[in-house]
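Enquirer: I have a structure here, written as structure tokens, and I will follow up with some questions on it.
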Amino acid sequence: MSLSVRFSYATRAWPALAAALAALVSAPSVFACASCGSMQGPGFTPGWESQGLAAMDGFRFDLRFDLLNQNQLRSGSGTPATWPIAPHEQEVYTKTQAYNVTYDYSKGPWGVNVQVPWLDRTHATNGFNYNGTDDGTSSRQGFGDVKVMGRFMGVLKNRSLGLQLGLKLPTGSFQQTFNGGAIAGAPLDRGLQLGTGTTDLLVGAYHFANLSKDWNYFSQIVAQLPLAAREGYIPGNALSANLALRYQRFQRVVPQLQVNARIQAHDHGLYATPADSGGTTVYLSPGVTFNITQNISSYVFFQLPLYQYLNGYQLAPFYTLSVGTRFMF
């Protein structure tokens, strides 16, 4: 992000952004089932140029690998003293390896962003009986749900403020079954599927600015709203917010720190687990970008939980690892 914005304007933006993040942290806990895979931790923005969230025209291409291992049992904001507890399912882990390809194009005040994920997800559960009579494992690979997001960057003359509108498409499989254990062949929980099966509306806004010669920041908020149930299932509405601060003094090596927050409503319907879904999470994401050439850069980020409140009994990750490379033309 090389666009210059007056410091006084950026300073006025901080209180509104801080208020939005505070509202996310203090809002009622409404999250999608973390243990079932539909909640994979808040998203983050490794480089806003790679998503076209900057003032330059052109084509951008991003390759990213995410590693998420949900193996930490959580209930509310802590760890349950007793486990298992009937009638809650005793899930063991959900491990997701995601390979994300992002295509982006900007021209004038308009832009489009397409995100295509390929997922490798494994899961294990001891079931509801806790004695091996209804345990199960699953291992599935394939494309997840594609996101297509358009944006308008003409709100301000310097294009530092943008509006986003798009869809999450039902391209991922949602009819998989357990392939191991006593319940092999039984339908897999919908939150564990590679896709939700639903078409979701995406609505967002973002702002970025230079705070000084060496510091700049980025903020974004996006709502994801399923438009209708699919075969009796509907995931919860979600609201995500990102705040990033970047130091550019070193040019080749760019440290970055983000706060990522997410609220998501309960899942509902067939093969959902409403009692064990819903919550609020806030993550701290330190990372660094390495500028290899003027148009090629690589990055690595860790997401670490600052705050978690998960309804019922759910699995959450201890951390999330993301590494990637982006190209700008």
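The values are calculated or read from the model by the stated rules, or taken from the named source; none is laboratory data. Predicted model, so just to flag it, every value in this text is computed and none were measured. Cβ sites come from the backbone with ideal geometry, for glycine too, and all protein chains shown count toward neighbours. The protein model used for the area step is the full one, side chains on, heavy atoms only, and it has no ligands, DNA or RNA in it. Shrake-Rupley method; radii C 1.70, N 1.55, O 1.52, S 1.80 Å.
Enquirer: Taking the range 303-329, which residues are buried (at least 18 other Cβ atoms within 10 Å of the Cβ), within 19 Å of ARG246 (Cβ to Cβ) and among the hydrophobic types (A, V, I, L, M, F, W, C)?
Expert: If the condition is that a residue be buried (at least 18 other Cβ atoms within 10 Å of the Cβ), within 19 Å of ARG246 (Cβ to Cβ) and among the hydrophobic types (A, V, I, L, M, F, W, C), then MET328 is the only one that fits.
Enquirer: Sort out which residues of the range 172-185 are open to solvent by less than 30 Å² (accessible area, probe 1.4 Å) and more than 15 Å from GLY144 (Cα to Cα), and write them in order of number.
Expert: PHE178, GLY180
Enquirer: With the requirement that a residue be polar (S, T, N, Q) and under 27 Å from VAL323 (Cβ atoms), what does the range 53-92 give you?
Expert: Correct list: ASN69, GLN70, ASN71, GLN72.
Enquirer: Just wondering, is there one or more residues in the range 186-202 that are part of a strand (DSSP E or B), among the hydroxyl-bearing types (Ser, Thr, Tyr) and open to solvent by less than 50 Å² (accessible area, probe 1.4 Å)?
Expert: no
Enquirer: Working only within the range 283-302, note down all residues that are open to solvent by 10 Å² or more (accessible area, probe 1.4 Å) and either closer than 21 Å to ALA124 by Cβ or touching a residue at least 40 places away in the same chain (Cβ under 8 Å) (or both).
Expert: Answer for the range 283-302, where residues must be open to solvent by 10 Å² or more (accessible area, probe 1.4 Å) and either closer than 21 Å to ALA124 by Cβ or touching a residue at least 40 places away in the same chain (Cβ under 8 Å) (or both): GLY287, ASN291.
Enquirer: Output the residues belonging to the range 81-98 that are out of contact with any helix residue (DSSP H, G or I) (no Cβ under 8 Å at 6 or more places or on another chain) and surrounded by 14 or more Cβ atoms within 10 Å (Cβ to Cβ).
Expert: Result: PRO84, GLN90, GLU91, VAL92, TYR93, LYS95, THR96, GLN97, ALA98.
Enquirer: Filter the range 207-228 down to residues that are among the small types (Gly, Ala, Ser) and open to solvent by less than 30 Å² (accessible area, probe 1.4 Å), then give me how many there are.
Expert: 3
Enquirer: Yes or no: the range 120-132 includes at least one residue that is farther than 24 Å from PRO84 by Cβ, modelled with pLDDT of 95 or more and not hydroxyl-bearing (Ser, Thr, Tyr).
Expert: Checked the range 120-132: at least one residue is farther than 24 Å from PRO84 by Cβ, modelled with pLDDT of 95 or more and not hydroxyl-bearing (Ser, Thr, Tyr).
Enquirer: Residue by residue through the range 160-190, note down the ones that are β-branched (Val, Ile, Thr) and under 14 Å from ALA124 (Cα atoms).
Expert: If the condition is that a residue be β-branched (Val, Ile, Thr) and under 14 Å from ALA124 (Cα atoms), then THR177, ILE183 are the ones that fit.
Enquirer: Another question, if that's okay. Residues to consider are GLY236, GLY312; find the one that is touching a residue at least 40 places away in the same chain (Cβ under 8 Å), of a type outside the set (Phe, Trp, Tyr), assigned to a loop (DSSP other than H, G, I, E, B) and under 27 Å from ARG74 (Cβ atoms).
Expert: Result of the check over GLY236, GLY312: GLY236.
Enquirer: For the range 153-172, enumerate the residues that are modelled with pLDDT of 95 or more and farther than 16 Å from GLN97 by Cβ.
Expert: Passing the criteria: LEU163, GLN164, LEU165, GLY166, LEU167, LYS168, LEU169, PRO170, THR171.
Enquirer: Hey, another quick one. Could you look through the range 137-170, keep only residues that are without any contact (Cβ under 8 Å) to a residue 40 or more places away in the chain and in a loop (DSSP other than H, G, I, E, B), and pick out the one that is farthest from ASP57 (Cα to Cα)?
Expert: Among those residues, the one meeting the criterion is LEU169.
Enquirer: Considering only the range 120-142, state which residues are more than 24 Å from GLN90 (Cβ to Cβ) and surrounded by 15 or more Cβ atoms within 10 Å (Cβ to Cβ).
Expert: Listed by number, the list holds a single entry, GLY142.
Enquirer: Can you name every residue in the range 81-125 that is assigned to a loop (DSSP other than H, G, I, E, B) and among the hydrophobic types (A, V, I, L, M, F, W, C)?
Expert: Hits for the range 81-125 are ALA81, TRP83, ILE85, ALA86.
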